[in-house]
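The values are calculated or read from the model by the stated rules, or taken from the named source; none is laboratory data. If you're wondering where the values come from, they're calculated on a predicted model, not measured in any experiment. Positions of Cβ are backbone-derived with ideal geometry, glycine not excepted, and every protein chain shown enters the neighbour counts. Only protein heavy atoms, including side chains, enter the accessible area calculation; ligands, DNA and RNA are left aside. Shrake-Rupley method; radii C 1.70, N 1.55, O 1.52, S 1.80 Å.
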Amino acid sequence: MISGFPEAMLKHVKIVSTQVAPTVTETKVTGPMGLKLLRMTTSVAPGQKIACTLEGMAKTQVQPMVDRFLAVINKLKVIGTIDGKLMYNLYNPPTPSPAALRPFERKLRSQALGYVLPATATLSVTPQCPCKCIHCSADRFITKEGKQLSTEELADVVDQSLDLGVCTLIFTGGEPMARKDLYDQIARVDKNLAHVMIFTCGAFLNDETIRKLKDAGLGSMNVSIDSDIESEHDEFRRRPGTFAQAFGAAKLARQAEIMIGVSTYATHDNVANGRLEHLLQMARDEGFHEITIFDCVPTGKFLNRTDLRLGRKDIEQVRLLAEKYNADNQAFGVTAQAFANSPHGGGCFGAFSQFYMTCFGDINPCDFNPISFGNVRDARLGDIWKKIVTHPEFSKHRLSCRMQSTRYRSLFIDPLDLDETLPVSIDRLPGDGTILPKEPAATK
């Protein structure tokens with residue numbers, strides 16, 4: 001973070017951010033023996049822009065980095081506000097806030113350690129779900145023998161995630177709202193450390209549950225919508241009425257001042273026939289704050305359906321669609337995997353800025369990637385993360401989604417049988433297109 005300082009000093013530098021006013025955050029950087037290096041004041045300026053002022057002996061070293069940060073963030077569309085702070089999408093904490101400034105600390109600690117630390121933890125909290133989606137990405141992670149994490153176990157994983165530097169916590173499932181202690185889990189998260197988000201099918205959203213989510217401090221939510229046609233969506237979800245409930249949730253969430261978006265996916269057909277854009281327009285007109293468009297990634301029940309992958313022209317069309325709507329002046333955003341996980345965006349997030357935990361505690365690079373590097377019941381999260389980012393494949397930051405890469409799939413995914421229990425331990429995958437047999441279960 002602080003370029004120009006000796007590497008040995010980085011291990012002793014501390015960063016503490018405090019909300020000193022509703023739209024003003026003060027960040028203090030100290031060095032060895034409490035040496036005061038920097039004070040940065042971040043605030044909302046006129047025109048919904050972010051301003052930063054720096055004071056202290058490290059100002060010269062840090063100013064170029066801050067200028068680059070401001071040049072990027074002040075070009076982004078603001079899709080809403082939370083207590084006057086700016087929201088650019090539903091995934092990142094509102095700016096300025098202590099949670100939004102934690103990436104500075106993450107960068108510093110990553111430099112000191114010599115490997116990157118995660119910013120986002122996507123945690124599946126339950127296998128339970130009222131829907132039986134034909135395309136469920138989590139389905140093959142669920143077994144009859146598995147046991148979801150207890151209240152204490154999940155809370156410990158959250159604490160370990162925050163200790164690693166995570167500033168965005170995403171609770172998913174199954175259906176996260178089927179978990180009875182979800183509100184308590186959300187409430188116990190220090191919002192100065194992380195923004196909390198959920199992915200939901202919308203089946204359990206009503207006045208009472210949305211009020212509980214608001215009281216617990218939920219920052220945002222995404223509701224899954226698979227089609228712009230109600231009957232088709234309900235058929236995909238195998239649950240009548242899910243479409244209506246999902247759209248009804250938008251109004252309730254807005255009334256409770258919770259930021260809400262649609263989560264959907266692009267296919268060759270819905271890109272070509274215009275129905276993806278139609279769903280985008282429906283979400284905007286209904287009052288959703290954002291739509292997230294995932295690529296149709298071969299995963300979960302469709303792990304071996306590589307024929308479903310988007311072509312280059314499809315991906316380019318989705319990227320242009322996102323650019324089109326993000327360039328207008330309406331307070332509505334489009335987050336598209338076609339851009340975010342491309343060389344134009346941040347590349348592959350898995351094992352670079354995020355990790356995924358199955359409902360039984362296995363840690364994967366992302367929720368699409370069915371490879372486990374360990375289980376939180378057997379090892380500390382920090383040790384599992386280090387195992388991921390020091391692995392020969394994952395120590396390299398890829399500029400596109402691994403699960404859509406022919407090279408990656410040939411080495412790590414194609415060896416998996418259709419009846420293989422997922423996730424598969426990385427210890428069984430040498431990375432040469434083969435898979436090692438399972439070790440026999442220990443006998444008592």
### Message
Here is a list: Ser342, Ser372. Which entry is at pLDDT 95 or above and hydroxyl-bearing (Ser, Thr, Tyr)?
### Response
Ser372
## Note on the structure
Screening Gly248, Gly202 for residues that are part of a loop (DSSP other than H, G, I, E, B), in contact (Cβ under 8 Å) with a residue 40 or more places away in the chain and in contact with a Gly (Cβ under 9 Å, 6 or more places away or on another chain) leaves only Gly202
### Task
Could you give me the residue pairs with C-beta distances under 7 Å whose first residue belongs to the range 302-316 and is surrounded by 14 or more Cβ atoms within 10 Å (Cβ to Cβ) and among the aromatic types (Phe, Trp, Tyr), whose second residue is modelled with pLDDT of 90 or more and assigned to a helix (DSSP H, G or I) wherever it lies, and which are 6+ apart or on separate chains?
Phe302/Leu308
### Query
For the range 28-86, list the strands (runs of 3 or more DSSP E) that sit wholly inside it and hold at least 2 residues that are in contact with a strand residue (DSSP E or B) (Cβ under 6 Å, 6 or more places away or on another chain), under 30 Å from Ala340 (Cβ atoms) and not acidic (Asp, Glu); which are they?
36-45, 49-55
#### Entry: Enumeration of residues in the range 220-245 that are within 24 Å of Leu182 (Cα to Cα), open to solvent by less than 10 Å² (accessible area, probe 1.4 Å) and part of a loop (DSSP other than H, G, I, E, B)
Ile225
### Summary
Inside the range 90-127, the number of residues satisfying the requirement of being open to solvent by 30 Å² or more (accessible area, probe 1.4 Å), within 22 Å of Thr335 (Cα to Cα) and assigned to a loop (DSSP other than H, G, I, E, B) is 2
### Message
Yes or no: the range 181-198 includes at least one residue that is touching a helix residue (DSSP H, G or I) at 6+ places or on another chain (Cβ under 6 Å), within 30 Å of Arg275 (Cβ to Cβ) and either open to solvent by 10 Å² or more (accessible area, probe 1.4 Å) or outside any strand (DSSP E or B) (or both).
### Response
no
### Query
Any residue in the range 53-75 that is loosely packed, with under 15 Cβ neighbours inside 10 Å and within 26 Å of Ala256 (Cα to Cα)?
no
### Summary
The correct count of residues that are among the charged types (D, E, K, R) and in a strand (DSSP E or B) in the range 251-306 is 2
#### Entry: Selected residue (criterion: surrounded by the fewest Cβ atoms within 10 Å (Cβ to Cβ)) from residues of the range 203-219 that are within 9 Å of Ile186 (Cβ to Cβ) and aliphatic (A, V, I, L, M)
Ala216
### Message
Please determine whether any residue of the range 310-328 is polar (S, T, N, Q), out of contact with any strand residue (DSSP E or B) (no Cβ under 7 Å at 6 or more places or on another chain) and not in a loop (DSSP other than H, G, I, E, B).
### Response
yes
### Task
Among the numbered conditions (1) of a type in the set (Ser, Thr, Tyr); (2) open to solvent by 40 Å² or more (accessible area, probe 1.4 Å); (3) more than 22 Å from Pro423 (Cβ to Cβ), tell me where Ser150 comes up short.
(3)
